[in-house]
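Worksheet: the structure to be examined is printed underneath.
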Amino acid sequence: MSMEESLDLLIELQAVDSKLLDLEISKGDLPKMVKDFEERISKLDVQIEQLNKKLGETQKIRRQTEGQIKLEEEKLKKYQNQLYDVTTNREYDAITQEIENEKNLIENLETKILEYITIEEETEKSLAELKNERDTLLNELSEKKKELDEVLKSSEKEELKLKHEREKIVVRLKKPLLNQYLKIKNAKNGLAVVPVTRNACGGCFKSIPPQKIVEIRKRDRIIFCEICGRILVWNNKV
């Protein structure tokens, strides 16, 4: 393949890539917004899962504590009944001490239950807030997805057509030249091949010396802009 044919392919490739870029720009911030919503919802899901786990564990401990209180209340009742059967002061003092211990234990357990109830209420409140926030985000995500789907649907055929055209061009270009084009394109916001316009680079608009313009018009080698590094071509179709 001659250099002139390669330059023509580069011009065609740039034209197709520019149209694809225009289609991508037409989507605006919608793809990013959809992704952001999905990430925020995902984070909320993790937080909700953690709070549900915390709530379940707290409820379990509270139920266990309530069960323990019932056992201690039974012991207290047993000790209180034993007071009627004591025959010595020593026995009376011992049982009285046990009763006092049980009452203190029950009081401490009841205090813990109140703490658990407070934790449950705060956790349930936080869960309700997170779920409301999640529902709001889901509604917004649904709207943005709908908008994006409409944009994608309207440009789907054109994008597919351009991608097919691009593939036909790419397979004909030599790999080193294609890689060079892609490197410049990625570094220069999608614009790697530019025409000479009014004796200036069509990318950075810096003036080009007359001698270099003569060389560009020959189309027998790849010439780069000394300022921006883009590939310069003599063609008004780019």
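Yes or no, residue by residue, for (1) within 30 Å of residue 129 (Cα to Cα); (2) part of a helix (DSSP H, G or I); (3) in contact with a Pro (Cβ under 6 Å, 6 or more places away or on another chain); (4) among the small types (Gly, Ala, Ser):
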| site | (1), (2), (3), (4) |
| --- | --- |
| 28 | no, no, no, yes |
| 38 | yes, yes, no, no |
| 42 | yes, yes, no, yes |
| 48 | yes, yes, no, no |
| 80 | no, yes, no, no |
| 90 | no, yes, no, no |
| 99 | no, yes, no, no |
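So residue 168 passes all but one of these: (1) within 38 Å of the chain's Cα centre (by Cα); (2) assigned to a loop (DSSP other than H, G, I, E, B). Which condition number does it fail?
Against the list (1) within 38 Å of the chain's Cα centre (by Cα); (2) assigned to a loop (DSSP other than H, G, I, E, B), residue 168 comes up short only on (2).
Within region 95-122, count every residue that is farther than 30 Å from residue 85 by Cα and out of contact with any Ser or Thr (no Cβ under 7 Å at 6 or more places or on another chain).
7
Would you please name the residue that is surrounded by the most Cβ atoms within 10 Å (Cβ to Cβ), looking only at residues in region 178-206 that are more than 13 Å from residue 230 (Cα to Cα) and modelled with pLDDT of 95 or more?
The extreme case among them is 178.
Got a sec? Which of 41, 69, 25, 48 is of a type in the set (Val, Ile, Thr) and at pLDDT below 95? Working first, answer last.
Details: 41 fails: at pLDDT below 95; 69 fails: at pLDDT below 95; 48 fails: at pLDDT below 95.
Result: 25 is the single residue among 41, 69, 25, 48 that is of a type in the set (Val, Ile, Thr) and at pLDDT below 95.
Suppose we filter 143, 159, 129 for residues that are within 30 Å of the chain's Cα centre (by Cα), farther than 30 Å from residue 59 by Cβ and open to solvent by 70 Å² or more (accessible area, probe 1.4 Å); which single one remains?
143
Within region 50-78, how many residues turn out to be of a type in the set (Lys, Arg) and either within 30 Å of residue 126 (Cβ to Cβ) or not in a helix (DSSP H, G or I) (or both)?
5
With the requirement that a residue be part of a loop (DSSP other than H, G, I, E, B), more than 20 Å from residue 6 (Cβ to Cβ) and open to solvent by 100 Å² or more (accessible area, probe 1.4 Å), what does region 207-235 give you?
226, 227
Could you list, in sequence order, the residues of region 171-184 that are in contact with a Leu (Cβ under 7 Å, 6 or more places away or on another chain) and part of a helix (DSSP H, G or I)?
Within region 171-184, 181 is the sole residue that qualifies.
The values are calculated or read from the model by the stated rules, or taken from the named source; none is laboratory data. If you're wondering where the values come from, they're calculated on a predicted model, not measured in any experiment. Cβ coordinates were reconstructed from backbone atoms using ideal geometry, including for glycine residues, and neighbour counts include every protein chain displayed. Heavy atoms of the whole protein, side chains included, go into the accessibility calculation; ligands, DNA and RNA do not. Shrake-Rupley method; radii C 1.70, N 1.55, O 1.52, S 1.80 Å.
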